[in-house]
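Before any comments, here is the structure.
The values are calculated or read from the model by the stated rules, or taken from the named source; none is laboratory data. The structure displayed is predicted, hence computed values, not measured ones. As a convention, Cβ positions derive from the backbone with ideal geometry for all residues, glycine included, and neighbour counts pool all protein chains shown. Please note that ligands, DNA and RNA were not included when accessible areas were found on the heavy atoms of the full protein model with its side chains. Shrake-Rupley method; radii C 1.70, N 1.55, O 1.52, S 1.80 Å.
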Amino acid sequence: IQESAKTTLASMVEAHLTSLVREAACVQRHSKRARYHPTSSSTSGTSGTDGGDQGGVLRRRLAAEDINLALQWRGSEKLYATSIVVPEVDRNKDNRKIDLQAYLKNENQLRAPSELALTSHWLAVDGTQPAIVQNPASLLRKKGLFHRVEDDDDNVAIVGIGAADTELPEQNATAASSKTTSGVSVRQLLPRVLSEELQLYFTRVTLTMERGGATPTTRRQQDAALASLARDAGLNELVPFFVRYVTKQLYSHLNQPEHCRTLVRMARSLLSNPHVHLELHLQELMPVLVTCTVAEKLYTKPSENHWALRYDATETLVQACNMFGDEYVTLKPRVLTVFCEAIDPSKALATQFGGIVAITNFGPKTIDAFLLPFTKSKRHLAVSYWEAWEGALETASLTDIDQRREIQQCQQALLNAVAIYLEHVNPKEQAERIDRDGFVDAFGEKLVPLENGIEGYTTCIV
C-alpha cells in the first residue's frame with residue numbers, strides 16, 4: 001500500500017473510531033453505567049475504617065453494550081462475542097492457568113439469544129386463507145358456549161371476553177405437537193389485550209343479540225346495537241371476535257330462524273360500517289351465509305318463517321360480493337357456482353328457493369344467464385321449472401300442506417326473478433332473448449302484471 005493511501009486510511013479509521021467512541025460515551029452516560037474502583041493506597045491504609053470515602057475513583061468505562069448500541073444507532077452491524085465477562089485480576093495473587101478447552105466447552109453450552117423480527121405473509125388470497133405455515137389450522141372448538149373467544153395458537157380459552165385465562169390440557173398437548181412439527185409460533189389477537197371499554201362493548205352487544213326481539217324493549221335495544229355496529233369507528237380490534245361469534249352462533253342455531261336472522265343482520269351491520277375492514281375475514285363469513293341461503297332445513301317446525309332468513313342472508317351475500325368483488329375477482333364466480341348447483345331439480349325445494357332468490361338479487365344479467373337460458377328442448381329453464389312445479393302441485397295431495405307451500409314459494413321467487421328481468425331490460429332486447437309464446441303458455445295470466453307497459457289493459461272508448 002502506498003504511503004498516501006496508508007495515511008488516508010489511518011485518518012478515516014481514526015475519525016470513525018473517534019465518532020464511535022463519542023457516541024458510545026453518550027449512550028453510556030444516558031444509561032448511567034459507572035463503576036467504583038478503589039485505589040491501591042486506599043486499600044492498604046484505610047482497610048480498618050468503617051464507611052466513609054475509601055479514596056476510590058468513580059470511573060466511567062465503556063462497555064461492549066455501549067459500543068453495540070452506538071453501532072445500532074448508526075445502523076451498522078454489531079460486534080459479536082462481546083458477552084464474555086473478563087474476571088478481575090487480583091494483583092496480589094499469581095495468575096492461574098485456564099484450561100481453554102473446558103472454557104470453550106462451557107461457553108458452547110450457552111445458547112445465543114434469538115433476535116425479534118417481523119415477517120410478512122398472506123392472510124387471505126381471493127377471500128381464502130392460504131394453507132401455509134404462518135396460518136396454521138385452528139383447533140377444534142367446543143360448542144354451545146356463549147361469549148367464548150379462543151386463542152387458536154396460544155391455546156387460551158376465554159369464557160367471557162374479560163374473564164380470567166384458563167388453560168386446557170388437551171389443547172396444550174395438541175399445540176405442543178403442532179409447534180414441534182411446524183417450527184413457527186404465530187401469536188394472534190388476544191382478548192386480554194383489549195381495553196376494558198371494548199370488552200364491555202362486546203359483552204353488551206352479544207347479550208343484546210341473544211335476548212331476541214320478543215318485546216318492544218329488546219327490539220329497540222337490538223336496533224340500537226346494530227346501528228352502533230354499522231356506524232361506530234374504532235371497532236377494528238373487535239372485528240375478529242364479532243366474526244367468530246356470528247359464525248359459531250349461526251352454525252350452532254341453524255334450526256332457529258329468528259335468532260339466525262338477528263345474527264345475519266349483525267353481519268350486515270359490520271359490512272355497512274365504513275370504518276372496519278372485513279376483507280380478511282370473508283373466508284369465515286361467506287360460507288355460513290351461503291349455508292343460511294341454500295341449506296335444506298333451517299327450521300324445527302315447517303311453520304317457522306325460514307324464507308325470510310334466506311332472503312336476509314342472500315342480501316348480505318350480495319352486499320359482500322359488491323363490496324369486495326373488484327378486489328377479489330373470483331369471489332362472485334365461486335358464489336354463483338354454488339347457487340347454480342342449488343337450483344338443480346334434484347335438490348330440495350327449499351334449496352332451489354334459496355338459489356333462485358340469490359341469483360335474482362345479483363341482477364337482470366345474472367337472471368338472464370342462469371334462469372332464462374334455453375334447454376335442449378328449446379325452452380327456457382324457468383319455463384321448465386314452472387311446468388314441473390305445476391305438475392307437482394296437481395299430483396300433491398291436499399293434506400300435504402308443507403310441500404304445497406314450498407312449491408308456491410319457489411314459484412313466487414321465480415316470478416319475482418322474471419319481473420326484475422322484464423323491468424330492467426328494454427323491449428328490443430326482450431324480443432331477442434325471450435320466447436314470448438313459451439312464456440305466455442307457461443305463466444298465463446300471471447305474466448300480465450309483470451309487463452312494463454299497460455298494453456294488456458288498453459280500453460277504447462268510442
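Overview of values
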| read-out | value |
| --- | --- |
| Amide H partners (placed H, <5 Å) of Thr128, local residues excluded | none |
| Using a Förster distance of 45 Å, the FRET efficiency for Thr128-His30 (Cβ separation, nearest 0.05) | 0.35 |
| In order through the stretch 229-238: 3J(HN,Hα) via Karplus (6.51 cos²θ - 1.76 cosθ + 1.60), integer Hz, x for Gly, Pro | 5, 7, 10, 6, 9, x, 9, 4, 5, 8 |
| Dipole magnitude of the stretch 240-393, debye to nearest 20 (Cβ charges: Lys/Arg +1, Asp/Glu -1, about Cα centre) | 140 debye |
| When each of Lys297/Lys446; Lys365/Lys428; Lys332/Lys376 is checked by Cα-Cα distance, pairs over 20 Å | Lys297/Lys446; Lys332/Lys376 |
| Residue-level accessible surface for Asp368, protein heavy atoms, 1.4 Å, Å² | 20 Å² |
| Per residue accessible area of the stretch 393-453, 1.4 Å probe, in Å² | 61 Å² |
| Solvent-accessible ranking of Lys248, Lys105, largest area first, probe 1.4 Å | Lys105, Lys248 |
| Sorted peptide list for 342-355, 219-232, criterion being average Cβ within 10 angstrom, highest first | 342-355, 219-232 |
